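One structure is given here, and the rest of the page talks about it.
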Amino acid sequence: MTALPLISLRSVSRTYRTDGIAVTAVRNVSFDIAQGEIVAVMGPSGSGKSTLMNMIGLLDLPSEGAVHLEGANVAELSEDRRSSLRARSIGFVFQSYNLLARHNAIENVALPLVYCGVSRAERLARAERSLQAVGMLHRAHHFPRQLSGGEQQRVAIARALIASPLIVLADEPTGALDSRTGAEILALFAALNRTGQTIVMITHDPGIATQCRRTIRLHDGELVSDETVAELLPRRSVAS
Amino acid sequence: MTMLQGFQIALHALRLNPLRSFLTMLGIVIGVASIVTVFAIGSGAQLRLQEQIRSIGANVLMITPGAVYQGGVRLKDGSKLTMTEGDVQAILEQIPEIQAAAGSLAGTAQVIHEGKNWNTTINGTTTGHFMVRDWQLASGRYFSGAEESGAGKVVILGSTVARELFAPGDDPIGAQIRIMKVPLEVVGVLDRKGPAQDDVAFVPLSTAKLRFLGSASNINRDSVAYIIAKVAADGQMAGARAEIESLLRQRHRIPAGQEDDFKVQDPAAAMEAQQGAIRTVALLLVAIASVSLLVGGISIMNVMIVSVTERTREIGIRRALGGRMRDIRLQFLCEALVLCLLGGAIGVAGGITLSMTVARMAGWVTSIDGEAIGLALAFSIATGLIFGFYPAHKASRLSPIEALKTE
Ligand SMILES: Nc1ncnc2c1ncn2[C@@H]1O[C@H](COP(=O)(O)OP(=O)(O)OP(=O)(O)O)[C@@H](O)[C@H]1O
Ligand SMILES: [Mg+2]
C-alpha cells in the first residue's frame, strides 16, 4: 500500500516578472516527500532553492503546476487558511535565525502558538518543553543579542518545532555558523528526524548533504537529480 | 489572534520606546485636555448662569435708571436715581399683573459681630423684595410694617454673612451686629440661594436711607436705585412690561419722542441669551481643540508608517510563522488605539487638573461632566481607528517573502 505523500509537487514552475522581464526561478519540478523523510536540497546560488522552499512552505504559490499538502492543492486554499497551516503544520528555520530582537527566547519560541489560539500559560509551558528539546531551556529569558549564533539557531529550531509541525523547512540553517556549531545543529536535525520529524533542508555543504538519506539537486531552476542513499534507508520501506 | 493579544503585543512594542510613544501621543493628549477643559469651563459658566437665573426668581422684571438730560446734555445711563418709592407704589397698585414689587438701595459696608467682621452688600429694601424673589427664611422673620416705616434697627442676613459672623452652634436671631457703627438686631436669616446671592445683608429701605446712605448727594428722600417686580404668569411678561413703561413715562412726565429715563429688563431672558452665547463660544473652542486632535491623529499615522517600515522584517517573520493578514492589521491597529487611548486618558487627567487650576486661580466655576470625558475618549478612539487604519493596512499587505528579505 502506498501512503499518501505529505508533500507532492507536480510540474511546478515559478516565474517572476519584473518590468516585463520574466525570470523563471523554478522550472517544471516534480517530486514527493513522505512522512518521516529528511531531504537535502542542493544547488548553486540562484538555482531556485529558496523559491522552491517558499512554495513548499505555503509562503508562495507556483505560477504553473500544483503543490499538494496532505493531498490538498494549496493554491485552492484561502490566504487565511494557508497562514493557519503555516502556524500549525510548517516549521521554518532560516539562515539568519529571524528571531524577534525585542522578545526573549521563550517568547520567540511561543510566537507561532499566538496564531494558533493557544492560551498564554499553555504557550509558555509548551515553549519550555520545546527549549528543553534543543537544550536551551537555561537561556529562556535571554534576548537574541545575548545569544551566540548557534544558540540563536537552536532557539529558532525550538520555535519551528513548537506546534508539532508536519514538516520542518530549513533554508541553509548552518550557513551562518562555523563548521563545529553547524555540525551540532545538523546532529540536532538528525536526532529530530529519528523521532519521525519530516525535514527538508537547503544546504551548500556536500558534507551535510551526505548525512541526509535523500538529496535533491537543482540547477537553473530545474531538478537535475533526486537520489536516495541506499545504505541509509530506514528499515521500513519508503514510498517513492 | 484575539483583540487582547493585539493589545498585549502593542503595549510591549510601545514600552520599548517610551519617549517616542509619549511624543507620538502628545497631540492627542493636548487635544483631549483642551476639550475637557473647555467643556469644564463652559458648563461651569452655564451652571453659574442657571443658578443666577434661578436666584432672580421666575417672572421677574427689573427697572433701573436710564439716560437723563441735564441742560441738554445726555448723562450716562444710571448716573442719576430716577426711580422713587412712589413709582413702586404706583406699579403695585395700578398694574393688575404685578403681584409684588420692591425698591432697593444698595452699597457695600463692613458688618461686625463681636470679634468677627465681614465685607458685604447692604441692601435697603422692603419685605416685597423677598416675595418677588421667592426667597424663604431659614429662621426668624421678615421686617414688620413699623420697622419698614420707622427706620427700625433690624437686619436680615444672607446665609454667607450669617456663617461668617456666627459660630456654627450660635443662633443669630436676636443678636446685635453693627454696620457703620449702627447697632442692628438680627431678625431673620435667609435660605441659601447660591454662592453669589447669599453674600448680602438686608435692612429696611427707610433704615438704609436714614442711617447709611442719607448723606449721598444724588439721593433724595424718595429715591430708590432699582425696582424689582413679580409678574403673575409667564405669558403676561410682555404686557406687564409695556404697562410699566407707559405708567412710568407718564409719572416721570417724559414728552413723546424723548428717551425713557429708566429701563425695564427681563434678567432671566437676558441671561438665557447669555447662556446661548456661552454655548456658542464653547462649541467654537471645542472645534479648535478638535483640530489639535486631528494633528495628533496625523502624527500617530506618520509614526506608525515609519514603524511599519522599520519593522518590515518582524512582519515577515510573523507572517511566516502563521500570522494572517488580519492578525498583522489588528496588531498595528491596536498599537494606534493604545497610543490614542493612553493619550486620551492622560489628556483627561490633564484636562481635569487644568480646569481645577483655572477654577482656583481665576475663581471661575468649572464643572467636569462624564459626558465631556466620554466624548473626548470617543474622539480619541475614533482618531486611533481612522489614522491607524492606513499604516495597519499597509503592514498587512506586505508580501511575507519580500518582508523576510529586508534587513
Ligand atoms: N522577487 C523576485 N523577483 C525577481 N526575481 C527573483 C525574485 N526572487 C528570486 N528571484 C530570482 O530567482 C532565482 C532563484 O532565486 P532563489 O532565491 O530561489 O535562489 P537560491 O537557490 O535560493 O539561491 P541562494 O543559494 O543564493 O540562496 C534567482 O535568479 C533570483 O534572481
Ligand atoms: Mg536561497
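The values are calculated or read from the model by the stated rules, or taken from the named source; none is laboratory data. What you see is a predicted model; the values in this text were computed from it and never measured. All Cβ positions, even for glycine, are placed from backbone atoms using ideal geometry, and neighbour counts span all protein chains on display. Remember, those area values only see protein heavy atoms, side chains included, never the ligands or the DNA or RNA. Shrake-Rupley method; radii C 1.70, N 1.55, O 1.52, S 1.80 Å.
Annotations
- The residues on offer are B:G297, B:G239, B:G276, B:G235, and the sole one that is open to solvent by 40 Å² or more (accessible area, probe 1.4 Å) and assigned to a helix (DSSP H, G or I) is B:G235.
- Per-region count, the range A:185-223, residues within 15 Å of ligand 1 (Cβ to nearest atom) and either among the hydroxyl-bearing types (S, T, Y) or touching a residue at least 40 places away in the same chain (Cβ under 8 Å) (or both): 17
- Within the range A:112-126, the set of residues being of a type in the set (K, R) and open to solvent by 50 Å² or more (accessible area, probe 1.4 Å) comprises A:R120, A:R126.
- Answer residue from the range A:33-53, given it is open to solvent by less than 10 Å² (accessible area, probe 1.4 Å) and β-branched (V, I, T) and is farthest from ligand 2 (Cβ to nearest atom) among those: A:I33
- Restricting the range A:23-55 to residues that are of a type outside the set (S, T, N, Q), outside any strand (DSSP E or B) and closer than 19 Å to A:L69 by Cα, the residue that is nearest to ligand 1 (Cβ to nearest atom): A:K49
- Selected residue (criterion: farthest from the other protein chains (Cβ to nearest Cβ)) from residues of the range A:127-178 that are small (G, A, S) and open to solvent by 30 Å² or more (accessible area, probe 1.4 Å): A:G135
- Single residue of A:I7, A:I56 found to be within 14 Å of another protein chain (Cβ to nearest Cβ) and either open to solvent by less than 10 Å² (accessible area, probe 1.4 Å) or within 30 Å of A:Q211 (Cβ to Cβ) (or both): A:I56
- A:E64 away from ligand 1 (no atom under 16 Å from the Cβ) and out of contact with any Phe, Trp or Tyr (no Cβ under 9 Å at 6 or more places or on another chain): no
- Residue that is open to solvent by less than 50 Å² (accessible area, probe 1.4 Å) and more than 34 Å from the chain's Cα centre (by Cα), where the choices are B:G347, B:G351, B:G323: B:G323
- Residues in the range A:10-32 that are buried (at least 21 other Cβ atoms within 10 Å of the Cβ) and either more than 14 Å from ligand 2 (Cβ to nearest atom) or polar (S, T, N, Q) (or both): A:V12, A:V29.
- In the range A:187-225, the residues that are over 22 Å from A:L177 (Cβ atoms), within 15 Å of ligand 2 (Cβ to nearest atom) and not small (G, A, S): A:I216, A:R217, A:L218, A:H219, A:D220
- Helices (runs of 4 or more DSSP H) completely within the range B:323-407 that count 3 or more residues being within 14 Å of chain A (Cβ to nearest Cβ) and not acidic (D, E): B:325-362, B:400-405
- Per the conditions (1) closer than 21 Å to B:T121 by Cα; (2) of a type in the set (D, E, K, R); (3) assigned to a strand (DSSP E or B), the sole criterion not satisfied by B:R192 is (3).
- Count of the range A:88-126 residues which are in a helix (DSSP H, G or I) and within 8 Å of chain B (Cβ to nearest Cβ): 4
- Conditions (1) within 16 Å of ligand 2 (Cβ to nearest atom); (2) more than 30 Å from A:A22 (Cβ to Cβ); number of the one not met by A:R102: (1)
- The range B:287-322: number of residues that are within 30 Å of A:M55 (Cβ to Cβ) and within 14 Å of another protein chain (Cβ to nearest Cβ): 13
- Any hit, the range B:193-202, residues being in contact with a strand residue (DSSP E or B) (Cβ under 9 Å, 6 or more places away or on another chain), over 19 Å from B:N119 (Cβ atoms), assigned by TED's automatic domain parsing to the domain that holds B:G115 and not polar (S, T, N, Q): no
- The requirement of being within 16 Å of ligand 2 (Cβ to nearest atom), part of a loop (DSSP other than H, G, I, E, B) and within 20 Å of B:K405 (Cα to Cα) is not satisfied by A:P62.
- In summary, A:S89 fulfils each of the numbered conditions (1) away from ligand 2 (no atom under 16 Å from the Cβ); (2) without any contact (Cβ under 8 Å) to a residue 12 or more places away in the chain; (3) among the polar types (S, T, N, Q) with the single exception of condition (2).
- Single residue of B:P172, B:P168 found to be open to solvent by 40 Å² or more (accessible area, probe 1.4 Å) and assigned by TED's automatic domain parsing to the domain that holds B:Y142: B:P168
- Of the residues making up the range B:7-22, those that are touching a residue at least 12 places away in the same chain (Cβ under 8 Å) and within 13 Å of B:L339 (Cβ to Cβ) are B:F7, B:A10, B:L11, B:A13, B:L14, B:R20, B:S21.
- Hits in the range B:153-165 - residues which are part of a loop (DSSP other than H, G, I, E, B) and open to solvent by 10 Å² or more (accessible area, probe 1.4 Å): B:K153
- Wholly enclosed strands (runs of 3 or more DSSP E) of the range A:165-240 bearing at least 1 residues at pLDDT 90 or above and under 30 Å from A:Q152 (Cα atoms): A:167-171, A:198-202, A:214-219
- Taking the conditions (1) within 16 Å of ligand 2 (Cβ to nearest atom); (2) more than 14 Å from A:L166 (Cβ to Cβ) in turn, A:G57 satisfies each one other than (2).
- Residue that is nearest to the chain's Cα centre (by Cα), among those in the range A:70-87 that are within 14 Å of chain B (Cβ to nearest Cβ) and of a type outside the set (S, T, N, Q): A:R86
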